[in-house]
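What follows is one structure encoded as structure tokens, with my remarks underneath.
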Amino acid sequence: MRLTSFTDFALRALMRLAGEPDRSFATSEIAAEFGISRNHLAKVVRDLADAGFITTQRGVGGGFALARRPEAITLGAVVRALEGDSALVECFRSDGGDCVLLPRCRLKARLAAAREAFMRELDGTTLAECAYLPRPARPARAL
């Protein structure tokens, strides 16, 4: 299974917030730390806020922070919220797609089982377990 770069950026940002859950971050700070386009990250932040994973505050001293404790957010919930019902393969589309192998395909059930196993693993993993901790401050060098 492949996640979109949008979901990848969202997971990175959430992991960083989970590393310091009581702190608010500026979009530019997270974007610079992870080498992500600030404009793309702003879109990610908007969707994460709409889904209830983060809170945002505009203006001076604003930023974004986790809306809930990292122990209460599963990776599966994030992936479902951001990936929606994107079809893994053609025949998983809501309209059945245009698969020439149906109805004799013997792969679809196995792919569905693999997708469910993937999501089960993400459902059993909290953001707290994947928290990305800040880099330790480097000690000042003596002159």
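Every number here is computed from the coordinates shown, using simple stated rules; none is lab data. Keep in mind that this is a model prediction, so the values were computed, not measured. Methodologically, a virtual Cβ is constructed for each residue, glycine included, from the backbone with ideal geometry; neighbour enumeration extends over all protein chains shown.
Some points to look at:
- Going from the residue with the fewest nearby Cβ atoms within 10 Å to the one with the most, Val44, Val60, Val79, Val100 rank Val60, Val100, Val79, Val44.
- Cβ-placed point charges (K, R +1; D, E -1), dipole of the chain about Cα centre in debye, nearest 20: 320 debye
- Helical runs assigned H by DSSP (4 residues or longer) give the chain a calculated mean residue ellipticity at 222 nm of -13500 deg cm²/dmol, each run adding -39500 (n - 2.57) before division by the residue total.
- Environment charge of Arg23, counting only residues whose C-beta is closer than 12 Å and scoring Lys/Arg +1, Asp/Glu -1: -2
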